[in-house]
Amino acid sequence: MQDKLFIDGKWEKPRKGGTIDVINPATEEVICKAGAGTSNDVDHAVKAARIAFDSGPWPKLTGAERARYLRAIAGKIDERRHALARLEVMDNGKPLPEALWDIDDAAGCFNYYAGLAEELDNNAEEPIAVADTRFSSKAVREPLGVVGAITPWNYPLLMVAWKVAPALAAGCTMVLKPSELTPLTALELGRIAEEIDLPRGVLNIVTGTGQDAGEPLTEHPLVDKLAFTGSVPTGRKVMMAGAQDIKNISLELGGKSPFVVFADSDIEKAVEWIMFGIFWNQGQVCSATSRVLIEEPIYDAVLKRLTEEAAKIKIGNGLDEGTLLGPIVSKGQYDKILAAIERARLDGATVAAGGGRPAGFDSGYFIEPTVLTNMTTDSFVWREEIFGPVVCVMPFRNEEEAIRLANDSRFGLAAAVMSEDRARCERVASAFRAGIVWINCSQPTFAEAPWGGYKQSGIGRELGRWGLANYLEVKQITSFDADEPWGWYIKG
Ligand code: NAD
């Protein structure tokens, strides 16, 4: 099944017959071959989604009817949570408890949007009080159309769920192009769609590379909306491709998020949240708080505890009991991260912990939890997203300086602040130029709350009701209700 594409409710081989090796990053073994879809497959999938939208039942179902399908998907994900989590570990490398967390979140996301689909039945129409009372007007929310969704490899099924669940809840149909590095759980979702008898053409899944399958999807004239999660350079290309037909576009891109720790913080709590903010998922998290700013009086103490604890993290195959840090997703990412650490060293940064491949690992793309200090604010490692278990730590003198340093970035996805002083936390939270702010923690994510970035971290918001709005058009319907003639050209 893995070498097939899910199009119009059927599994079929890519027309050109190509495959892509799917590699387990913990062992470097090829675990299976996925289909390498190309523009012909994308065209077929988009046309299936188009027909399903234009003449199929899906967009015309009530929200409650669509909700039943979404709940059925959630139920199937839940039923096979262990199998899906293991697949995610073999595909992506993350530790099994993290994968289980992600799978549960994916099921939760489908359940949450089932609820919003039901609500749509009551709130799809909103009366508008217009100034001229001879008219009555209303705003109606309708499904946006055919969605081209492109997702990354860091949360393979969860990032898919963040797009598929709201898009289906809204009544859209879609073509999904998962990351070529981690296509397996997305394909399982195709299987689930088949099992629950999702109407054909509503969800189509085309695996393949960004160039051969992603690009044709972004350029396809029958796609109404592009929903993309990935890096800034690819996001830029997606936006440019979508500009051709003025497609609706939402982008969830990268980050270089700050974590500001004030001197009144509890040092153990600070170290725990700093670690959670950068070592979870091997640091391959768009919102990772990879720039840590610590107020001078506690800088040495926090750094000492952070380096001690980072060195204790159990590294290993994500399927092994007790593993807290798995391998990096691919050889390409592994090489990029090591090159970034080397560049930081050459630029004068100090490697306070980690910095390379852990001892005793002959295979697998493993990198130690790495803590860097003494970098300059114009250095590559401080400014660019490394997307690995690499944290930059810098001292600051006062609140004003912390805010300035935190906001000095072209990204604006997330930011965190820690202090016992609630008023200060609120002040700093409002000063951050970022779409997501955490107080006294880092990384918690909820299906109900908006997710997305300021500046180059993206356009639009996923999750919550904002995530549903991503897939809805707003139509104004205005009626002239007065008995009198309009009387502009034809005078009574
Ligand atoms: P990427 O940009 O390399 O790839 C993302 C997806 O785009 C993949 O499916 C890829 O095949 C596809 N793609 C590549 N080139 C394409 C093209 N020209 N046209 C269309 N599609 C193309 O990103 P990645 O390495 O998979 O993921 C890591 C990045 O994703 C990081 O920058 C991370 O911050 C970001 N990310 C952001 C969020 C968020 O919510 N903001 C969440 C997860 C990841």
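Classify the chain as rounded, prolate or oblate, taking a ≥ b ≥ c as the square roots of the eigenvalues of its Cα gyration tensor: rounded when a/c is under 1.5, otherwise prolate if a/b is larger than b/c and oblate if not.
Working: a/c = 2.15, a/b = 1.38, b/c = 1.56.
Since a/c reaches 1.5 but b/c is at least a/b, the shape of the chain is classed as oblate.
Enter the angle in degrees (range 0 to 90, nearest 10) between the Cα long axis of helix 156-170 and the first principal axis of the Cα atoms of the chain, meaning the one along which they spread out most.
In the chain, helix 156-170 runs at an angle near 20 degrees to the longest axis.
Using the crude model of +1 on Lys and Arg Cβ and -1 on Asp and Glu Cβ, and no other charge, please compute the dipole size for region 258-439 relative to its Cα centre, in debye to 20.
Using only the charged Cβ atoms, the result is roughly 440 debye.
Using all Cα-Cα distances in region 58-181, what percent lands in each 10 angstrom bin from 0 up to the longest?
Calculated over all Cα pairs of region 58-181, the distribution is 13, 36, 27, 14, 6, 3, 0 percent.
Taking all protein chains in place and a 1.4 Å probe, what share, in percent, of the accessible surface of the chain do carbon and sulfur account for?
Details: 10540 of 20280 Å².
That share works out to 52 percent.
Contact order normalised by length for the chain, with contacts defined as Cα pairs under 8 Å and 6 or more residues apart; what percent is it? Each step should come with its number before you reach the end.
Numbers: 1150 pairs, mean separation 88.5, N = 492.
It comes to 18 percent, rounded to a whole number.
Note down the accessible area of Lys475, probe 1.4 Å, to the nearest 10 Å².
90
Any chance you could look up the accessible area of His220 with a 1.4 Å probe, heavy atoms only, rounded to 10 Å²?
Surface accessible to solvent at His220 totals approximately 20 Å².
Do you know the relative contact order of region 228-282, to the nearest whole percent, from alpha carbon pairs under 8 angstrom that are 6+ apart? Let's see the in-between values first.
Values: 24 pairs, mean separation 17.5, N = 55.
Once normalised by length, the contact order is 32 percent.
Compute the signed sum of charges (Lys and Arg +1, Asp and Glu -1) over the other residues within less than 12 Å, Cβ to Cβ, of Arg81. Can you show the working numbers first?
Numbers: positive: Lys76, Arg80, Arg86; negative: Asp78, Glu79, Glu88, Asp102, Asp104, Asp105, Glu188.
The answer is -4.
Quick check: the angle from helix 296-312's long axis to the longest principal axis of the chain, C-alpha only, nearest 10 degrees?
The angle comes out at about 90 degrees.
Taking N as the number of residues in region 258-439, what is its alpha-carbon radius of gyration divided by 2.2 N^0.38 Å? All intermediate terms of the calculation are to be shown ahead of the outcome.
Values: Rg = 15.7 Å, N = 182, 2.2 N^0.38 = 15.9 Å.
Normalised by 2.2 N^0.38 Å, the Cα Rg of region 258-439 equals 0.99.
If you add up the charges near Gln456, with Lys and Arg at +1 and Asp and Glu at -1, over every other residue whose beta carbon is less than 13 angstrom from its beta carbon, what do you get?
Numbers: positive: Arg236, Lys256, Arg383, Arg410, Arg433, Lys455; negative: Glu252, Glu384, Glu385.
That sum, taken over residues with Cβ under 13 Å, equals +3.
Can you sort Met239, Met418 by 1.4 Å-probe accessible area, starting with the largest? Don't jump to the answer; show the numbers that get you there.
Numbers: Met239 85, Met418 10 Å².
Greatest to least solvent exposure: Met239, Met418.
Which pairs in the list Lys256/Lys475; Lys247/Lys491; Lys33/Lys336; Lys76/Lys177 are over 32 Å apart, alpha-carbon to alpha-carbon?
Numbers: Lys256/Lys475 38 Å; Lys247/Lys491 43 Å; Lys33/Lys336 24 Å; Lys76/Lys177 21 Å.
Over 32 Å apart, Cα to Cα: Lys256/Lys475; Lys247/Lys491.
Magnitude of the Cβ-charge dipole of region 95-220, K/R +1 and D/E -1, about the Cα centre, nearest 20 debye? Walk me through the numbers before you get to the answer.
On the way: 7 positive and 19 negative charges, 65 e Å.
The calculated dipole for region 95-220 is roughly 320 debye.
With every protein chain present, what accessible area does Arg305 have (1.4 Å probe, heavy atoms only), rounded to the nearest 10 Å²?
Accessible area, nearest 10 Å²: 50 Å².
Pick out, from Gln456, Val22, Gly37, the residue whose Cα sits farthest towards the positive end of the charge dipole of the chain, with +1 on the Cβ of Lys and Arg and -1 on the Cβ of Asp and Glu.
Gly37
For the charge dipole of the chain, defined by +1 on Lys and Arg C-beta atoms and -1 on Asp and Glu C-beta atoms about the Cα centroid, which residue among Val271, Val261, Ile103 has the Cα displaced farthest towards the positive pole?
Result: Ile103, furthest along the dipole toward the positive end.
So if the hydrodynamic radius of region 150-259 is defined as the Kirkwood radius over C-alpha pairs, what does Stokes-Einstein give as its diffusion coefficient at 37 °C and 0.692 mPa s, in µm² per second?
On the way: Rh = 14.4 Å.
Taking Rh from Cα pairs, D becomes 229 µm²/s.
How would region 252-295 be classified by its alpha-carbon gyration tensor: rounded, prolate or oblate, with rounded meaning a/c under 1.5 and the a/b versus b/c comparison settling the rest?
Values: a/c = 3.63, a/b = 1.73, b/c = 2.10.
In terms of gyration-tensor shape, oblate.
What FRET efficiency do you get for Asp266 and Arg397 if R0 is 22 Å and r is their Cβ-Cβ distance, rounded to the nearest 0.05?
Values: r = 21 Å, r/R0 = 0.95.
E between Asp266 and Arg397, to the nearest 0.05, is 0.60.
What accessible area per residue comes out for the chain, rounded to a whole number of Å², with a 1.4 Å probe?
Ligands and nucleic acids excluded, the figure is 41 Å² per residue.
Using the charge dipole of region 239-339 (Lys, Arg: +1 at Cβ; Asp, Glu: -1 at Cβ; taken about the Cα centre), state which of Ser287, Pro297, Ala310 has its Cα farthest towards the positive end.
The one lying farthest along the dipole's positive direction is Ser287.
Between Gln2 and Lys491, 0.36 nm times their residue separation minus their Cα-Cα distance comes to what?
Details: separation 489, 0.36 × 489 = 176.04 nm, distance 7.04 nm.
So the chain would gain 169.0 nm between Gln2 and Lys491.
Can you check how the C-alpha radius of gyration of region 167-326 compares to 2.2 N^0.38 Å, as a plain ratio?
On the way: Rg = 21.1 Å, N = 160, 2.2 N^0.38 = 15.1 Å.
With N residues counted in region 167-326, Rg over 2.2 N^0.38 Å equals 1.39.
Around Val42, what is the net charge, scoring Lys/Arg as +1 and Asp/Glu as -1 over all other residues with Cβ under 11 Å from its Cβ? It would help to have the intermediate numbers written out before the result.
Numbers: positive: Arg15, Lys47, Lys177; negative: Asp41, Asp43, Asp212, Glu215, Glu219.
Taking every other residue near Val42 into account, the sum is -2.
Under unit Cβ charges (Lys, Arg +1; Asp, Glu -1), what dipole magnitude, rounded to 20 debye, does the chain have relative to its Cα centre? Walk me through the intermediate numbers first.
On the way: 53 positive and 68 negative charges, 185 e Å.
Here the chain has a charge dipole of around 880 debye.
Efficiency by 1/(1 + (r/R0)^6): what FRET value for Leu346 and Phe446, r their Cβ-Cβ distance, R0 = 30 Å, to the nearest 0.05?
Here the calculated transfer efficiency is 0.15.
Top to bottom by accessible area (1.4 Å), largest first, where do Ile7, Ile20 land? Don't skip to the answer; put the middle values down first.
Working: Ile7 0, Ile20 30 Å².
Sorted by accessible area, descending: Ile20, Ile7.
Taking 0.36 nm per residue of sequence separation and subtracting the Cα-Cα distance, how much length would be gained by fully extending the chain between Leu61 and Trp11, in nm to one decimal? All intermediate terms of the calculation are to be shown ahead of the outcome.
On the way: separation 50, 0.36 × 50 = 18.00 nm, distance 2.51 nm.
Between Leu61 and Trp11, full extension yields 15.5 nm more.
What ranking of Met240, Met275 comes out by heavy-atom accessible area, probe 1.4 Å, highest first? Display every interim value, and only then the final one.
Working: Met240 135, Met275 30 Å².
Ranking Met240, Met275 by accessible area, largest first, yields Met240, Met275.
Could you please tell me the mean projected area of the C-alpha convex hull for region 67-115, averaged over all directions and given in square nanometres to one decimal? Walk me through the numbers before you get to the answer.
Values: hull surface 11.9 nm².
Convex hull of Cα atoms, orientation-averaged projection: 3.0 nm².
The values are calculated or read from the model by the stated rules, or taken from the named source; none is laboratory data. What you are looking at is a predicted structure, and each value in this text was computed from that prediction instead of being measured. No Cβ is skipped: glycine too gets one built from the backbone with ideal geometry, and neighbour counts run over all protein chains shown. Each accessible area value is taken on the protein alone, full model and side chains, heavy atoms only, with ligands, DNA and RNA left out. Shrake-Rupley method; radii C 1.70, N 1.55, O 1.52, S 1.80 Å.
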